[in-house]
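Take a look at the structure set out below.
The values are calculated or read from the model by the stated rules, or taken from the named source; none is laboratory data. This structure is a prediction, so every number in the text was calculated from the model and none was measured. Neighbour counts are summed over all protein chains in view; Cβ atoms, including those assigned to glycine, are modelled from backbone coordinates with ideal geometry. The area values use the complete protein model at the heavy-atom level, side chains included, leaving out ligands, DNA and RNA. Shrake-Rupley method; radii C 1.70, N 1.55, O 1.52, S 1.80 Å.
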Amino acid sequence: MRLVLGVSGGIAAYKACELASRLVRDSHEVQVLMTAGAARFVAPLTFSALTHRPVGMATTDEPMGPLSHVALARWAQGVVIAPATANLLARLASGAADDLLTLVVLGFRGPVLLAPAMEAEMWSHPRTQANVQRLSGDGVRWVGPEFGRLASGSAGLGRMAEPEQIMRAWDWATTPQDLLGVRVLITAGPTWEHFDPVRILTNPATGSMGVLLAEEASRRGAEVVLVHGPRVTLPSGPSIRTRSAISARDMLTAVLEESGAADAVIGAAAVSDFRPAERLVAKAHKEDVAHEWAMAPNPDVLAEVGRRFAGRKVLVGFAAETDDAVASAQKKLMAKHLDLVVANEVGDSRGFGSDEHRAWMVTPAGTVSLAGGHKAATAKAVLDFVKEQVQIVRGGSRP
Ligand code: C5P
């Protein structure tokens, strides 16, 4: 993307160097525009070396050719301003056009993301907050400020968001919110079934597929509840609520409590099909453990949801198999009353914990092979399907 990175005059300007570098590494074309104040904190040469472009400076009274504000506003596909000082917010809110950066923003009609940085008292001042309201009304997006150590040395709300957070916010700001108002319940990860307090029956699932689904759904505006098994690295994103479950029976309880409000339920968890019939209260010792341990069948979480909600909610499952994944997915589609089963091949080096898998989308209408093989692409495809089907369910045109 072609980005204007505006830098205004605060000590956080040094962090904008890291941001510029990351944006360039992320294949964006970055044009830095600095206010007069910013150039007192960081040398323009630093930014031009990082972005391989001359930096646009505050003054507008000299002929600038490709750096004219009109050309820049047309060239840019997005504007990120980090740090955005209280003074800059005031100038932007008033529609001032008294330096190159404000001139460009005034002439630009695409997405604008601001990362404010100032002393806590300045941020909470009613005048600043009124400026924030005004700019929000114009469609400006925000990242931060955060609570933390400020330039004055004291702690408060006013610290600029970290570059990584700004990158993520930018990604969100430019992602179409096509799942806004859609409530998605996702299960992820393994379950643990205890033999005794220290021994468990489990599997190598890490929850990565469910976590990617949760992040992608949240990025696109959905409200997400993630019911996850043990040791899952939790997702980050707005509107994600997480709830932990240890065993299959815990997961069933959580999912049944949460599923009433959901438009779609996606079962990406690798739920253990069995559990030890008996769970010892104290650790079993080598010498007194019987050689055979009876197993009891676990509830099938997704099948239970299918039994209750088929036709009224969009239901998606995964079928991880070492062979004949598609045939097995077709069976599960029918048996569990699902709308979609993603068939994927797992083996020693594929599937569990890896970012790659070979997958097919199996629906009553047929089977489509998913190109790419990356789990993130699978998450996208699944949520495209969910979006389309939720519209059909809401429109009442489902058979
Ligand atoms: O039957 P199988 O375990 O292969 O089915 C996989 C699908 O069913 C997955 O979507 C999984 O999350 C879900 N499932 C479940 N509860 C079980 C077993 C599987 O929700 N006990």
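Just wondering, is there one or more residues in segment 224-232 that are assigned to a loop (DSSP other than H, G, I, E, B), out of contact with any Asp or Glu (no Cβ under 7 Å at 6 or more places or on another chain) and at positive phi? Yes, segment 224-232 has at least one match.
Does Ser397 satisfy the condition of being among the hydroxyl-bearing types (Ser, Thr, Tyr), open to solvent by 60 Å² or more (accessible area, probe 1.4 Å) and more than 10 Å from the ligand (Cβ to nearest atom)? The answer is yes for Ser397. Looking across segment 282-293, the residues that are of a type in the set (A, V, I, L, M) and either open to solvent by 20 Å² or more (accessible area, probe 1.4 Å) or within 12 Å of the ligand (Cβ to nearest atom) (or both) come down to Ala282, Val289, Ala290.
Please go through segment 254-281 and give me each residue that is within 13 Å of the ligand (Cβ to nearest atom), without any contact (Cβ under 8 Å) to a residue 60 or more places away in the chain and open to solvent by less than 70 Å² (accessible area, probe 1.4 Å), ordered by number. Residues satisfying the conditions are Ala254, Leu256.
State whether one or more residues within segment 184-192 are more than 24 Å from the chain's Cα centre (by Cα), in the same structural domain as Asp355 (by TED's automatic domain parsing) and part of a loop (DSSP other than H, G, I, E, B). Yes. Residues of segment 193-221 that are assigned to a loop (DSSP other than H, G, I, E, B), open to solvent by 20 Å² or more (accessible area, probe 1.4 Å) and touching an Asp or Glu at 6+ places or on another chain (Cβ under 9 Å): Thr202 alone. Within segment 299-326, the set of residues being away from the ligand (no atom under 11 Å from the Cβ) and among the acidic types (Asp, Glu) comprises Asp323, Asp324.
Tell me, please, whether a residue that is among the aromatic types (Phe, Trp, Tyr) and within 16 Å of the ligand (Cβ to nearest atom) can be found in segment 170-190. First the steps, then the outcome.
Applying the first criterion (among the aromatic types (Phe, Trp, Tyr)) to segment 170-190 yields 170, 172.
The next check asks that each one be within 16 Å of the ligand (Cβ to nearest atom); those that pass are none.
No, that holds for no residue.
One residue alone among Ala296, Ala329, Ala335 is within 10 Å of the ligand (Cβ to nearest atom), open to solvent by less than 30 Å² (accessible area, probe 1.4 Å) and at pLDDT 95 or above, and that residue is Ala329. Of all the residues in segment 363-390, those that are open to solvent by less than 40 Å² (accessible area, probe 1.4 Å), more than 28 Å from Leu180 (Cβ to Cβ) and outside any loop (DSSP other than H, G, I, E, B) number 1.
Quick check on segment 146-162: of everything there that is assigned to a loop (DSSP other than H, G, I, E, B) and more than 18 Å from Cys17 (Cα to Cα), which residue is least open to solvent (accessible area, probe 1.4 Å)?
Leu150
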